[in-house]
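Scroll down for the structure; my scribbles are underneath it.
Just so you know, all these numbers are worked out from the coordinates, no wet-lab data involved. Quick caveat: nothing in here was measured; it's all calculated off a predicted structure. Counting neighbours? That spans all protein chains shown, and the Cβs are built from the backbone with ideal geometry, glycine included.
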Amino acid sequence: MPCHAALGLKRRALFALAAAGLLFACVSALAAPPINTLKTGVFGGRSDSAILGYDPVAYFTAGKPVKGQDRFATDWKGAKWKFSSQGNLDLFKSNPEKYAPQYGGYCAYGVAQDNLVSIEPDKFTVRDGKLYLNYNADVQATWLKDPAGYIQQADAKFKALLTQ
């Protein structure tokens, strides 16, 4: 084989390897983060804050969504979690699994339906000591018709959804 033909083969092989590596990197980049940092609104996108910057502990202690503050924040599972007080931050740090919303803060009904979507902070349910968030009022109304069934479906699907 002439020398220039061998060089052409090597270049094509290197190009193919580089393309395969790039494709793998792109597919890996498409995997969803385990914590919901989706923004709402027309432009959407992501932020660095979990659940739109709301305090996950407040759902349990105040029974309502409360906006967190930057001065009471911690990083957990690759996202910034904000809290309305030092006390709530301390509670979260002592047991994050207890206070973090199910399915990484993605809409619980959405997960049951094979989708990772954002939430409206005031559309929530605390059930059996766990926090579930929903996309909007209509979705929450559907969710509330069979929360146990949707939880069972979502539990079975969440991990696989993160890797799609």
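Partners of Lys93 within straight-line reach, counting lysines whose Cα lies under 18 Å from its Cα and excluding those fewer than 8 residues away in the same chain: Lys67, Lys77, Lys80, Lys82, Lys130.
Bridgeable aspartates and glutamates around Lys39 (alpha carbons under 13 Å apart, same-chain partners fewer than 8 residues away excluded): Asp48, Glu120. Using C-alpha pairs below 8 Å separated by at least 6 residues, the relative contact order for region 50-162 is 22 percent. Each Lys or Arg adds one and each Asp or Glu takes one away; over the other residues whose Cβ falls under 13 Å from the Cβ of Phe92, this sums to +1. Distant-in-sequence amide contacts of Gln69, defined by a placed amide H-H separation under 5 Å and a gap of 5 or more residues or a different chain, comprise Phe83, Ser84.
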